[in-house]
Each structure stands twice: as C-alpha cells, then as structure tokens.
Amino acid sequence: MARSIYITSPEGDTGKSTVALGMLDLLAHRVERVGVYRPVARSTTERDYVLDLLLAHDGVDLTYEQCVGVTYDEVHEDPEAALSEIVARFHEVQRHCDIVVIVGTDYTDVAGPAELTYNARIAANLGAPVLLVVRGADRTPDEIRQVVEVSTPELRASHAQLIAVIANRCVPSQLDAVREALAGEVPVWAIPDEPFLQAPTVQGLMAAVGGTLWKGDEQLLAREALDVLVGAMSVEHLLDRLSDGSVVITPGDRNDVLLGLLASHAADGFPSLAGIILTGGFLPAEPIARLIGGFGQRLPIMRTSLGTFRTATAAARTRGRLTAASQRKVDIALALFEKHVDSDTLLERLDVSHPAVVTPLMFEFGLLDRARSDRKHIVLPEGDDDRILRAASTLLHRNVAQLTILGNETTIRARATELGLSINDARVLSPEDPALVERFAEEYAKLRAHKGITLEQAREIVTDVSYFGTMMVHLGMADGMVSGAAHTTTHTIKPSFEIIKTLPGVSIVSSVFLMCLQDRVLVYGDCAVNPDPTAEQLADIAISSAATAAQFNVEPRIAMLSYSTGESGTGADVDKVRAATELVRARRPDLCIEGPIQYDAAVDASVAKAKMPDSAVAGRASVFIFPDLNTGNNTYKAVQRSAGAIAVGPVLQGLRKPVNDLSRGALVQDIVNTVAITAIQAQQVS
C-alpha cells in the first residue's frame, strides 16, 4: 500500500483545500488510521486554516503540532536543513497512520517559480506520489493544458511521481473539454467552480471592516454572504437589487434605508438578508433604535467607523475559506469531489486495498454510498427543528435521498436560508393541506374502522405530523419516515403499528442498534421497544435482527443471551431463551444461532473454547439478542460509553415499510445516518 499522497499546485488560488478534504474523506473510509501533514506552514504563531479543516475531520487523531513540518522562514533561511526537518517530522506522523494526506504549499509566501520544484523535492523525499491540482477559473481548456505541460517536467526533474491531475474551479460547461485537453499518461478529472466556496462569512466581513455587532443574533454571523451591496440609493430602487444572502452597506445615518431593509427582510416574498453594515461610525437615533429593538429581529446589524467607500473596498477584497465551521461548504466540497473524481481509479493508483476491518467511519460511508446508489424518498416530519434542516441540507448536497419536510413552507424555508442552508431540492409540505388531510383521513378511518374511528376523528388525528408522515409512507408518497428528534419514541412509532403494520410472518415490531466498534460492527436487539418479550416474540426478534444484519453487510451469527451458557442453568428466564432458540432453529434452520449463551462466551474466543468449544457462534457472534429491554438497553449504553462505540439506531424492524426513531438528543450526523439506513431498508421493500 502507498503510505501517502502529496497534493500540490503550481500556483495559488486553486481550491486545493477542496481536493485535500475530498481525498481525506475518501481515505478515512477505507483505512483504519489516516493522517494529515503540512510540510510548510506560514508561521508558528498563526494557525494554518487548511490544516485545521483537515484535523477537524472524523478519524484523524493527531495534534496540530504533530502535523506541521517547518515554516516559510525556515525554508528561506536554509532550504536543505528545512527539507531534512520536513522528512524527519513526516516519519513521526507516518508511524501513527496507515496513510497520510500531505498538502503542499499555498503560494501565499513569495517563493517564485521554485516553489513547485521545492514541493516536488519534498514529495520525492517522502516517497509520496503527487496529485497535481491546477486552477481552471478564468481559463480555457488549452490554457489549463499549458499549465499542466509546464508543471509536469518540473515534477519529473525532481523525481516526483505524478499519479493524477485535477483541474479545479473550471467553467461548468467546459468540464468535458478540459478532460479532453488534459488526457494523457495519468488520469485527469475536472471539478466545476462553485462560487459559494469562495463566499466570505458575515463574521469575516465584519472583521475586514473593523466592525462590531450592534444588534442581531451572533450565531448568524457564521452565515455566508453571497453578495455585497452599497445601499446609498433610495429604498425603492435598492429593494429591486436585493437577493438571498446579501449584505448591505449603508451610512449609519440613513434611517430610511435601514428601516426599509429590515421591513423587506421580515416580509414574505422578499429576499432573506445576511446582514447590514452601518458606516461612518453613526448609529440610528434613540427612537429609531428602540423601534428596531421592538421588531425582535435576529438579522446581524454591524457598525464600523470606516466610510462607505472604504468599507465597500474592504468587503470586496474579503474572500471566504473552506473551514470546518461551515457544514454547508464542507458538504458542497465533498459532493463535488465525489461526483467528479473517480474514487475507484484513484484508490487503485494508490494501491489502497479493500480493508479487512470495518471502522465506524467506513460503516457510515458505506451507508451513504448504498443509499446514494438507489435514492429513495424519505419524509422528515419535524421541520421546525434546526437539526432536521441542517441534516436535510447535508443529505441533499450529498445526494443521499429525496426529502419531504413537514411544516409551514414559508417558515421552514426562511429559517433554512437564515441558517445559511440550502434545502431548495426538498419538498416542504403542510400537514394541514386540506386535500391531503381529507385523503389521509378517509384512508385512516377505513383502516381503524374496527376501533370505531370516525371520519371526523380521523381528520383531527392525521394532522399530527407523525400520523401525516406515516400516511405518506403507507400510501406510497414516501418510501420511509424518520422522526423523533423532538418527539417521544411512542409518538413516532405508534402510528406505524396502526397503519403500516408488520411483515407477513412477523408478530412483533422490534429494534436493533448497529454498534460500531473500532474494527467491526455488531447488532444488538431489542434495546428500545419491547420490555419483556415472550419466547415466540424473542424468536421473531432474532430472525428480524439477522435479516437487518445481512442488510447492512454483517454476517449474522446469532447469540441468544442469558445468564447461563448451554445446559448449565435453569429457571424461567433461561428457559425462555432456550425455547426461543429452538423456535428459531425450527423456523430458520439456515441461520447460525447459539443459545442460551453468556455475553463473554459469545464474544471472547478463549471463554468460548472453555464453555462451548464446538459452537460456530461462541467467541465470534455478530448479532446479540437480549432477553428483555432492561438488559438490552443497559448493555448497549454500557458498551457505547465504556468501549467508545458509536451506537447507530434504534433501527426499527418487522414493519412492512421503514419508519425509524431518533433520540431527542440526536446530533445532525445521527439524523443523516438514520435517513441513510431508512433509505437502504426501503431499497429492500418490493
């Protein structure tokens, strides 16, 4: 296996950080331990934002200091000594990793034409093949080709091995022409320009103009500014020039402009502004300030002592960066890399083999990849929760699933825009929609007629978001549902028991957690739904859990857990497990199952050898069936906390169509993973 890859450019402003992030993400899902290294950093006092971006990626377990070679000053002072130090420090990093992503210099320090040569020498001395990134912005395909033709001999002259070329920030309509122009001995890819990645944040603009926050929500300073306007004209003319994400610069004594902007920002049908900068050191008079405060608005309003011209000049020079703080930028960068770079070819060039273990990151990547391969339609009922909106933005950018979000469309889209998110590709549907409420009510009343539910009662019930979303799944308007971030488990899954119901031959809906350990994935069931299942129900849970395990590429070897192993114990609890095991064997003789068995005998080969030496499951179980909810829930949480495992779930099983519950403390990534799981389950529904 190649132990590293060196990403370098012959110039600045190539968007190399986008490629580095995509490369790191790809490798983090293929090897256990991936590292990053910056041979030359700007200084020892100013942190390198590219390195901070890469270190923030899950799966990188190195300190900032470990990942820096030398500074530009040290290179200028003594290039040979600096090279020796770079090599020595790299080998320290390499010892901790399976593969290292090395990011070359940024051309921010004037080093002249020799900078590419020096990068090539570093790559050769580190034994790292080179991925060359060139700038496509403002260039024709022939001009891009000329840059590559000039760069390639420099790399070869320093004995650096070129393995691929990426032209980044290309004109979107010219991608094919660029690839044709660069075709040669190594693979070439072209990534289109995405202006959003260069957009500065409101916080960045405020810093550039020496401003301070006067009013508004400080958290919204992280939003990207997609346009900067000077508001010195009359309000009626200014309103026609506004767009979503605009920051407007206006003199601090122009009360008419300020009030007009705030009114338009709050009005339906007008663009959502990212911020207002008041210039000249002026602030509105006290009555106007009191009026603004009474609006209860969150839009950041900043002030600066600079005049309007200098403020506009400083703002125009401000360029955004790809940082870990902007999840939307990260999502866009990863989506661009995934779509336009042939990962399999690149990994083949690096000789990265298929892993023998499955880390949590590898498992998560596999979920997204499988969901993407056959996109399904998932409904998210909790559109008023910011976490849902953030997850939806990620899911849409990464092309994981089609989405419907429930709630008031105007409110939801306005909040997403305010947060700097893009959910344009999602459908937003009101659970009060008259036509759908009537259709759903008629169907629900029919399904629950045996319980005495009238049409009038049904009209009221189906407007509840959980019932509304479940009816969408039942009637084929969505393939699955994910909810629970703001509702109880009962609220989320009760409608599915009434409406979707269980698969043929399955008597009970149950759940599993996919427990991602450091090197493998285990399946724990049932840890969330059934308090004290009977032997028959326990057998159903085991069969369903084996099917779920197989769905997610875990070979099912089932351990029916109890406080005794084999025939050694007696009592009602162990007899229940023994009976359940026999029922599974009778119903599914093809399944590999053992029970009753203690947890240590199920997972530890040495214990298994002593207690059940002839068992095909003992010591290597992958599916663990707990005798009751008390045992299962406590065990999964104990393993999660003490072993540092990532618990994905609960994943509901046994339903005709997939519905999954979220923890009310769910993180955005938990929601993303659960949607991917639901989509994969939906792929199996005939």
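By per-residue mean of other Cβ atoms within 10 Å, what is the highest-first order of 235-245, 375-385? Could the numbers behind the result be given before it?
Numbers: 235-245: 14.4, 375-385: 23.4.
Put in order of decreasing packing, that is 375-385, 235-245.
Please list ASP61, ASP604, ASP253 in order of solvent-accessible area, largest first, computed with a 1.4 Å probe with all protein chains present.
Working: ASP61 140, ASP604 60, ASP253 90 Å².
The most accessible residue leads, giving ASP61, ASP253, ASP604.
Which aspartates and glutamates have a Cα lying under 15 Å from the Cα of LYS609, excluding residues fewer than 8 positions away in the same chain?
GLU594, ASP600
If you put +1 on each Lys and Arg Cβ and -1 on each Asp and Glu Cβ, how big is the dipole of the chain around its Cα centre, in Debye rounded to 20?
Working: 63 positive and 86 negative charges, 176 e Å.
With only Lys, Arg, Asp and Glu charged at Cβ, the dipole is about 840 debye.
Any chance you could look up the accessible area of SER234 with a 1.4 Å probe, heavy atoms only, rounded to 10 Å²?
40 Å²
Quick one: pull the percent of accessible area on the range 575-684 belonging to carbon and sulfur, 1.4 Å probe, ligands and nucleic acids left out. It would help to have the intermediate numbers written out before the result.
Details: 2310 of 4680 Å².
Reported share for carbon and sulfur atoms: 49 percent.
What are the lysines whose alpha-carbon lies under 27 Å from the alpha-carbon of LYS637, with same-chain residues fewer than 8 places away excluded?
Leaving aside lysines fewer than 8 places away in the same chain, those within reach of LYS637 are LYS494, LYS576, LYS611.
Considering only protein heavy atoms, with the full assembly of protein chains and a 1.4 angstrom probe, order TYR524, TYR599 by accessible area, largest first. Working shown, then result.
Values: TYR524 0, TYR599 75 Å².
Most to least solvent-accessible, the answer reads TYR599, TYR524.
Would you calculate a helix-derived [θ] at 222 nm for the chain, using -39,500 (n - 2.57) for each DSSP H run of n ≥ 4 and dividing by the full residue count, to the nearest 500?
Working: 27 runs with 299 residues, N = 686.
After summing the helix terms and dividing by residue count, I get -13000 deg cm²/dmol.
Which three numbers, in whole Å and largest first, are the semi-axes of the equivalent ellipsoid of the chain derived from its Cα gyration tensor as √(5λ)?
Working: eigenvalues 468, 290, 87 Å².
For the chain, the ellipsoid semi-axes come out as 48, 38, 21 Å.
Label the range 5-61 by shape, choosing from rounded, prolate and oblate, from the square roots a ≥ b ≥ c of the eigenvalues of the Cα gyration tensor; if a/c is under 1.5 it is rounded, and otherwise prolate applies when a/b is larger than b/c, oblate when it is not.
Verdict is oblate for the range 5-61.
Treating only the Cβ atoms of Lys and Arg (+1) and Asp and Glu (-1) as charged, compute the dipole magnitude of the range 320-471 about its Cα centre; round to the nearest 20 debye.
Working: 20 positive and 24 negative charges, 37 e Å.
In total the dipole reaches around 180 debye.
Can you flag which of LYS376/LYS446; LYS376/LYS657; LYS446/LYS501 are past 20 Å Cα-Cα? The partial results should precede the final answer.
On the way: LYS376/LYS446 28 Å; LYS376/LYS657 12 Å; LYS446/LYS501 15 Å.
Flagged as over cut-off: LYS376/LYS446.
Given a 1.4 Å probe, how much area per residue of the range 111-228 is accessible, in Å²?
Numbers: 5020 Å² over 118 residues.
Here the per-residue accessible area is 43 Å².
Per the 1.4 Å probe, what fraction of the accessible area of the range 54-143, in percent, lies on carbon and sulfur atoms?
Values: 1840 of 3850 Å².
So the carbon and sulfur contribution to the accessible surface is 48 percent.
Taking a probe of 1.4 Å, how large is the accessible area per residue of the range 11-69, in Å²?
Roughly 34 Å² per residue, with all protein chains present.
Going by accessible area, probe 1.4 Å, with all protein chains left in place, what is the ranking of VAL685, VAL36, largest first? Can you show the working numbers first?
On the way: VAL685 60, VAL36 0 Å².
Ranked from most to least accessible, the order is VAL685, VAL36.
Report the Cα-based extents of the range 280-431 along its three principal axes, largest first, to the nearest Å.
That works out to 68, 44, 24 Å along the principal axes.
Of the accessible area of the range 378-440, with the probe set at 1.4 angstrom, what percent is carbon plus sulfur?
Details: 1010 of 2340 Å².
Answer for the range 378-440 is 43 percent, counting heavy atoms of protein chains only.
For the range 240-323, what proportion of DSSP beta bridges, expressed in % and rounded to the nearest 5, is antiparallel? Intermediate results must be reported in sequence, preceding the final value.
On the way: 0 of 8 bridges.
Restricted to the range 240-323, the bridges split so that about 0 percent are antiparallel.
Using alpha-carbon pairs under 8 Å, 6+ residues apart, how would you state the relative contact order of the chain in percent? Don't jump to the answer; show the numbers that get you there.
Working: 1391 pairs, mean separation 74.8, N = 686.
For the chain, the relative contact order is 11 percent.
What number do you get for the range 383-468 when its Cα radius of gyration is normalised by 2.2 N^0.38 Å, N = residues? Numbers along the way, then the final one.
Numbers: Rg = 15.5 Å, N = 86, 2.2 N^0.38 = 12.0 Å.
Normalised Cα radius of gyration, the range 383-468: 1.30.
Give me D for the range 438-480 in µm² s⁻¹, whole number, from Stokes-Einstein with Rh from the Kirkwood sum over alpha-carbon pairs, 25 °C and 0.890 mPa s. Kindly include the intermediate steps, with their values, before the conclusion.
Working: Rh = 10.2 Å.
This corresponds to a translational diffusion coefficient of 241 µm²/s.
Give me the percent of DSSP beta bridges within the chain that run antiparallel, rounded to the nearest 5. Could you put the intermediate results ahead of the total?
Values: 16 of 74 bridges.
Bridges in the chain are about 20 percent antiparallel.
How large is the dipole of the range 77-196 about the Cα centre if only Lys and Arg carry +1 and Asp and Glu carry -1, each at its Cβ, rounded to the nearest 20 debye?
Details: 9 positive and 19 negative charges, 62 e Å.
Around 300 debye, computed over the range 77-196.
Roughly how much of LYS611 is accessible, in Å² to the nearest 10, using a 1.4 Å probe?
Using a 1.4 Å probe on the heavy atoms, I get roughly 90 Å².
Averaged per residue, what accessible area in Å² does the range 443-576 show with a 1.4 Å probe, protein chains only? Spell out each step's value before the answer.
Details: 5180 Å² over 134 residues.
Result: 39 Å² per residue.
The values are calculated or read from the model by the stated rules, or taken from the named source; none is laboratory data. Bear in mind the structure is a predicted one, so any value in this text is a computation, not a measurement. Heads up, the Cβs are rebuilt from the backbone with ideal geometry, glycines too, and the neighbour counts pull from every protein chain shown. In case anyone asks, the SASA skips ligands and DNA or RNA and just uses the protein heavy atoms, side chains included. Shrake-Rupley method; radii C 1.70, N 1.55, O 1.52, S 1.80 Å.
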